[in-house]
Each structure stands twice: as structure tokens, then as C-alpha cells.
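Input: a single structure, listed below in C-alpha cells.
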Amino acid sequence: MAKVIKYEFVEELLRKMTLSEKIGQMYQTNYEGSAQTGPAIDTSKTMDLIKEGKLGSILSLYDNDTIKRLQLAAVNTKNKIPLLFCNDIIHGCRTMLPINLAMSTSWNPKLVEESSKMVAYEASHSGVQVTFSPMVNLSRDPRWGRVMESNGEDVYLSKELTKSYIKGYQQGNLKGENSIGACIKHFAAYGAAIGGRDYDGVDMSEGELFNNYLDPYKEAIKCDVAMMMSSFNSYNGIPAVANKYLLDDVLRKKLGFNKVVITDYASVNELRKHKVAKDEKESAYLAIKAKNDIEMASTNYLDSLEELVKSGEVSESEIDEACRRVLNLKYELGLFENPLKNIYSDFPKYWLKDESRAIAKKMADESIVLLENDGVLPLKKEKVSFIGPFVKEKKVVGAWGGKCDYNDTVTIYEALNNKNKKYDYALGSNIFDTNEELISEAVNVAKKSSVVILTVGEEQWMSGESHSRARLDLPSSQERLIDEITNLGKKVILIIFAGRPLVLTKYKKMYLEGKISAILYAWYLGTESGNTIVDTLYGVNNPSAKLTMSFPYDVGQIPVYYNHLPSGRPIEDKNNTDYCLRYIDMPLEPLYPFGYGMSYSEVKYGKIELDKDKLFDNSKITVSISITNTSSVKTKEVVEMYIEAMYGVVSRPVRELKGFNKVLLKPGETKKVSFTINKDTLSYYKGSKKVNCYGKYRVYLVSDSSKENFVEIDYSKNTK
Ligand code: GLC
């Protein structure tokens, strides 16, 4: 277990504090004007608690003048302990980036880091000292509303992007003028909630937890992440916030995390709803014994910890340990020297700078996914019409919009005008309703053009926290519009806005029938959305994004993700599938696989080369491939490396992503892309124990997880 650091300044302060003052540091609440990110709570006592030196931190407050007033009140008390101000700045403060799931499809850790640095620049001048980000919950179930803020279904990719977020936010200097602390969340396995239902339970084996859920947190700890948040869900029958196995045995002892753990919003209160605590006192007892240092938004600690210490059920040293971690965080952030760090009354002047918008545009350009294209894209000189509810829609930011103002969003409509494009326009349908007049107006406009860009999608609040869906279709009014327009015999480009994978089976069928000519997935691309979409349509941006969640053929396929375990009865002969793993009414494979995405270029993959095909515990193998851009436009290509264990001490997934490399290729250019394989690349957990799986492996270097292009290597014990 990593020891908690002892700063003399903090130790001296601790010695002076009363028990109730220490417990006050372990409480975080709202204040009037705070954004509501959970059930409303009573904030009437907040100022009194501050004046008594019995409040540690405040969340979701936006107005910097209020923040400054509260901070001055806090440091004007006996112990002069500054408050800590936290906020959910997830994918942008004022200049909005694409939603995180969209950003993950860039497979570009450097760009995600650069984007997070831009976010930190704005947030560090807007009263944010710690952000409740990155959210790294593995997301395999598109019904779950919070997939929109995740890094998708693969733990290796999520681990790499976790580094980017934390380095971008913290910049290796928590006291830095342009940096903010990062709070990685939610520990743990929140995305595996049964049925994709937010806040539902999670049941999983230790092997599943260690193989697919912990690496991003390990990486975050290596990056010195400032804070961690425990999650709402139960894990194997015990709510995470009360789960000593998760928060103490695994997080503190095994992973060595020795900084602040904060609960999620009022999750300690919810222990009674989970039926593991009979009252407030027992809730506080369970949460402190699981080593949650700060209780967010509910007052079980404030109301009961003193009594628990007096009765001896909780020791004062346990309170000291929690309070020390909170004070250490404030000390490391430099708040004792400068309580007004990151608090600026003139914060708007730091927002929406050209260079910030340029980074948001670059991020959006690499987050839009081209799913289908019969060659209609990029647009040439055709007469085009833009139809549908998202041509003029400003709300394409997605949930967790920080301090955004939707008026900042550049819509498709505005981008077309700014770029002096000629086009016709019709609404055709609102997001949730349409009428004959709208439909016929859209049909008439479409008839007069040769290419129709049809914009459809989920309303942005159909995803996000507490917005899980049991169906993954478009609102029905839009289906009507799609049917009318695709029956006109025009070339139709479908642009889909969503915070999750939707079921696109019907539109893929229309594509195969020639009724749709291209499909672009535009997620919610944030402030620069319209500019990215128009630049992509006209070829100024060559799409390079690749899916990081599998797109199901049907909701009935869920869970469907690429790195599933093999079965004893795989289909080996497509003509004889009796007694095999299958559905009799639909394919097993997803409609669009993990790692899939098109561009306007053709990239040819050469033969995979190995410098040797035998691996030992103390050796390494270099595996390479040459890829060539055979098109006339420059492109960025993500080469994905997967391994497949052919046998071992435990059954392993049919594919495991173990590397990726995004390379820029000029027209006609060939580049060699190499990856290193060593024993760590091939290691796996059997339960909570890491094992070396000796034996035969396939190594794939491919453009997506469904492609078959591999070589074989053999991994054996050291001969000497
Ligand atoms: C919410 C979310 C969490 C967020 C917190 C504070 O309920 O679960 O991700 O950071 O409350 O807003």
C-alpha cells in the first residue's frame, strides 16, 4: 500500500484542527447557482459551514465572483483552510470539443492531450481547480446513456487516452497557472450495469475486472492523477462506495492509490436504497471504512462521523488519514499559498480564443466517422440540398456541456454560408415531430437537387447520465422523412447525430440497395461541428476516425463487443451452422465492428514482417507492415495491432488490441509501421493473478478488428 505523503505544513494544521473541523474537510456540497448534477440538495447551510471552517469543497459552481467571495470567507477563519472548487468539465469548458466517445474515434492520444490542455487553459481561468474527468468506464453497452463520455469498449485504447486527458489537464504541475487537477472516474465497472440501465448493478468475475477494467486507473495513478471518484453501481452485491474489496484491497493496496477518493453525488445516502445500511450512521460507517475521503452532496459524514469516533467504531486516525489526503491535495494545488488559484472575474477573456477553436476543429475533424461511401463524397459540383432537423441545430454539444453557450456552435447552415456554398434547404422534420407540410416542402427541395444531405439523429439529451435507452432507433418522425427522401432516386448522404451507437441496419440496407450513397456519423462534435461537417462533405477534411464501440445489428445482439471470449462451438463452416454458436434470426457479428472507419483514400496493407517468431520472457519481437496510400489525397491511417492466444491456462478473447499507430500518408506514400511485442504484451489475468500464457499467438496488423491479416509467433519460457 503506497504511504500517504506527510507534508509538515499539513501535519501542523492537522494537529490544530478539532474533530469536527477535520470532518468538515470531508464534505463537498453545492451552493446556490451550482449546476444541478443530481437530485436537488439543501445548500442553505453552506455559508454557515464555511464560516465555521467546516466545509472542504464545493462542486458545480460557475460564477467566479461568488467563488471568490466564498473562498475569501473560508480563508478568513481560524484555520484559514481554502475551499476546493470542483466541476464537471468533461469535453470542454466554453469552447466545446466533441463528446468523449467521438474523440476516442480519433485514435489520436497526442491530439486528445492537446485538446485537454486547451480545456485546462479555459477551466483554469474559470474557477475550476479540479475537474471530474476523465471518465474511463469501459462502455460495451450502447443502451447506457453515459457511453457518450467514455473512451469506448476497449481497455487498451482507454488506457492510452486516459494518459492524454490527465497530462493535458495537469501538465505535470498542479500549481501551474493553466493547469487543473484531474479526478478520474468512476471506480469501478460502472459501464457494465445490467441491461445498460444507469445505476443498475454489476456482477463480474475478478478476471473480467482485472483484464478489462483496471488499466486506465493504473495508468492514471502513474500519471499522478489528483483524485478518484467511486461509482454509484454495486459490484458483486456491494455498492462501490461501500465496497472495501474495490476501494481498499484493489485501489489502495493493489494499485497503490494514496490520494483523495470522493464519492459520487449523494451515493452514501443511496446505501440505504441499496439495502446495505439501515441508517445514516451505518452509511457513514461503511463509506469511511471503504476509505472514501470526501462525501459529495449528502451529509452522512457531517451528521454521524463524530458520534462514530466517540463510540470508538471509527478511530480518529481514520479521520486524520482521510482529512490528510484532502489537505494534501489542496497543498499540492498550491491553494494555501494562493487560495484564488484559477478564480478569475474576467474569465470570459480566456474563452473561445482562435487557437482554442482551431484545436476544437482539429479534434472534430478527426472524430467524424465515415461509415459508407459509394464515391458521392467528397462532393463535386452537384446541385445540393440540406434537409433535416440538424442543419440549423445549435445543440450538438452533447451532455456535460460545461460552461458552454449553444450560440457559440457553428451549425451546418452557418458553415455553408460562411464558406459561400450554394445549396437549398428544408427542415423536413423536427427532431421529434413532423407534418405533411414539412415533408412535402422537403420533397420539393430534394427533387430540385441531385445530391441530398439528410441530417438526422438523437436529440442531445437522449444520452448522458440517467439517459439509458432500451431501443436504439431514430425518433420515428425522422424515419418518415428518410423514407420519403430516399424514395426520390437522388443520391442521399445520411449524417447521423448521436451520443451512442444506434441501430443503423435499415440504412445500411438502403445503402446496399443504392437508396443511400454515404453515411457519416457526426456524434455531437461541439462548437466547430458545422465547420467540420461541411469541410468533410467537400473534402477539405479527409475523415480518419475509426469506431471505438461496436455498432449492433439489433438491440437483441447486445452485449456485442469485439474482444469476446471464444466458444466451444464456433461456426467453422458457413454452410453448416447446426449446433454452433449463433442466432438463427440474425448474424452474430455487429453491423460495424470496433476499429472500423473509412476515408476518401485507399490504403493498401502489405505483408506482415517479423524480426523473429520466437518470444521468450526476456526478449522482444518487432512486427511491422508497410502501408501505401494509393489515392491522390493525403490521409491519416490507424494501423491496429491485435493478438489472439491460440491456447493457454485460461480462455482469452478472440482478439485483444495491444497497439495502434496513426500515420499521415501523402498521396502515393508508403510507410512502415512497427510494433514491439514482449511478455507484458501477452500477459493476462487469471482471476486477480497476472499469468504468463506461454504458447502460440496470432498477431494481426489490420485496419479494423474484423480483418484477417496475421502472422504466428511462439512464446515460451526462457531456455536458459
Ligand atoms: C454525477 C455523476 C458524476 C459527476 C458528479 C458531480 O452524478 O455521476 O460523473 O462528476 O455527479 O456532478
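The values are calculated or read from the model by the stated rules, or taken from the named source; none is laboratory data. Keep in mind that this is a model prediction, so the values were computed, not measured. Positions of Cβ are generated from backbone atoms using ideal geometry, with glycine treated the same way; all protein chains shown enter the neighbour counts.
If we keep just the residues of the stretch 182-196 that are part of a helix (DSSP H, G or I) and either within 16 Å of the ligand (Cβ to nearest atom) or among the β-branched types (Val, Ile, Thr) (or both), which is nearest to Tyr331 (Cα to Cα)?
From the stretch 182-196, those part of a helix (DSSP H, G or I) are 190-192, 194-196; that's our starting set.
Next, from what is left, pick out any that are either within 16 Å of the ligand (Cβ to nearest atom) or among the β-branched types (Val, Ile, Thr) (or both): 190-192, 194, 196.
Details: Tyr190: 31, Gly191: 33, Ala192: 36, Ile194: 40, Gly196: 39 Å.
By that ranking, first place goes to Tyr190.
For the stretch 349-377, a residue qualifies if it is within 16 Å of Tyr538 (Cα to Cα) and not in a helix (DSSP H, G or I), and the qualifying residues are Glu366, Ile368, Val369, Leu370, Glu372, Asn373, Asp374, Gly375, Val376, Leu377.
Within the stretch 267-289, the set of residues being assigned to a loop (DSSP other than H, G, I, E, B) and among the acidic types (Asp, Glu) comprises just one member, Asp279.
Taking the conditions exactly as written (surrounded by 18 or more Cβ atoms within 10 Å (Cβ to Cβ) and under 18 Å from Leu161 (Cα atoms)), does Leu665 satisfy them or not?
On the way: surrounded by 18 or more Cβ atoms within 10 Å (Cβ to Cβ): yes; under 18 Å from Leu161 (Cα atoms): no.
Taking the combined requirement at face value, the residue does not satisfy it.
When Ala226 is tested against the conditions (1) within 15 Å of the chain's Cα centre (by Cα); (2) within 16 Å of the ligand (Cβ to nearest atom), the lone failure is (1).
Within the stretch 62-81, at least one residue is touching a residue at least 60 places away in the same chain (Cβ under 8 Å), under 23 Å from Val260 (Cβ atoms) and touching a strand residue (DSSP E or B) at 6+ places or on another chain (Cβ under 7 Å). Look at the stretch 474-485: where a residue is on the phi > 0 side of the Ramachandran plot and part of a helix (DSSP H, G or I), no partner that is of a type outside the set (Phe, Trp, Tyr) and at pLDDT 95 or above sits 6+ places away or on another chain with Cβ atoms under 9 Å.
The sole residue among Ser133, Ser139, Ser158 that is more than 15 Å from the ligand (Cβ to nearest atom), of a type in the set (Gly, Ala, Ser) and either buried (at least 24 other Cβ atoms within 10 Å of the Cβ) or over 30 Å from Ala73 (Cα atoms) (or both) is Ser158.
Here the condition is being in contact with a helix residue (DSSP H, G or I) (Cβ under 7 Å, 6 or more places away or on another chain) and within 16 Å of the ligand (Cβ to nearest atom); of Gly33, Gly38, it holds for Gly33 alone. Sub-7 Å Cβ pairs linking a first residue in the stretch 687-712 that is on the phi > 0 side of the Ramachandran plot to a second residue that is assigned to a loop (DSSP other than H, G, I, E, B), at least 6 apart or interchain, are Gly695/Met646; Gly695/Tyr647; Gly695/Gly648, ordered by first then second residue.
Considering each of Leu101, Leu138, Leu161, Leu157 in turn, give the residue that is closer than 16 Å to Pro216 by Cα, in contact with a strand residue (DSSP E or B) (Cβ under 7 Å, 6 or more places away or on another chain) and among the hydrophobic types (A, V, I, L, M, F, W, C).
Details: Leu101 fails: in contact with a strand residue (DSSP E or B) (Cβ under 7 Å, 6 or more places away or on another chain); Leu138 fails: in contact with a strand residue (DSSP E or B) (Cβ under 7 Å, 6 or more places away or on another chain); Leu161 fails: in contact with a strand residue (DSSP E or B) (Cβ under 7 Å, 6 or more places away or on another chain).
Exactly one residue qualifies, and that residue is Leu157.
Of note, Asp473 does not satisfy the criterion of being more than 26 Å from Asp198 (Cβ to Cβ) and among the acidic types (Asp, Glu). For the stretch 295-305, a tally of residues being within 16 Å of the ligand (Cβ to nearest atom) and either at positive phi or not in a loop (DSSP other than H, G, I, E, B) (or both) returns 3. Among the residues of the stretch 274-294, those identified as closer than 14 Å to Ala240 by Cβ and charged (D, E, K, R) are Lys289, Lys291. Condition first: at pLDDT below 95 and under 28 Å from the mean Cα position of the chain (by Cα). Now tell me which residues in the stretch 477-507 satisfy that. Across the stretch 477-507, there are no qualifying residues.
Under the condition of being assigned to a loop (DSSP other than H, G, I, E, B) and surrounded by fewer than 17 Cβ atoms within 10 Å (Cβ to Cβ), which residue from the stretch 44-61 is farthest from the ligand (Cβ to nearest atom)?
Let us first name the residues in the stretch 44-61 that are assigned to a loop (DSSP other than H, G, I, E, B), namely 44-45, 52-56, 60-61.
Those still in the list that are surrounded by fewer than 17 Cβ atoms within 10 Å (Cβ to Cβ) too: 44-45, 52.
On the way: Ser44: 20, Lys45: 19, Glu52: 24 Å.
Of everything passing the filter in the stretch 44-61, Glu52 is farthest from the ligand (Cβ to nearest atom).
Within the stretch 499-525, being in contact with a helix residue (DSSP H, G or I) (Cβ under 6 Å, 6 or more places away or on another chain) and either of a type in the set (Phe, Trp, Tyr) or part of a helix (DSSP H, G or I) (or both) holds for Met510, Trp523, Tyr524. Of the residues Ala226, Ala242, Ala287, Ala220, the single one that is modelled with pLDDT of 95 or more, under 24 Å from Gly196 (Cα atoms) and not basic (Lys, Arg) is Ala242.
Annotation: of all residues in the stretch 14-30 being within 20 Å of Val130 (Cα to Cα) and out of contact with any Asp or Glu (no Cβ under 8 Å at 6 or more places or on another chain), the one that is farthest from the ligand (Cβ to nearest atom) is Gln25.
Of all residues in the stretch 62-106, those that are hydroxyl-bearing (Ser, Thr, Tyr) and either within 16 Å of the ligand (Cβ to nearest atom) or closer than 22 Å to Lys395 by Cβ (or both) total 4.
Taking the residues in the stretch 242-294 that are among the acidic types (Asp, Glu) and under 22 Å from Arg324 (Cα atoms) as candidates, determine which candidate is surrounded by the fewest Cβ atoms within 10 Å (Cβ to Cβ). Restricting to residues being among the acidic types (Asp, Glu) and under 22 Å from Arg324 (Cα atoms), the top hit is Asp249. Per the listing Ala102, Ala73, Ala123, the residue uniquely surrounded by fewer than 24 Cβ atoms within 10 Å (Cβ to Cβ) and among the aliphatic types (A, V, I, L, M) is Ala73. Exactly one residue out of Asn211, Asn292, Asn258 is among the polar types (S, T, N, Q) and assigned to a helix (DSSP H, G or I): that is Asn211.
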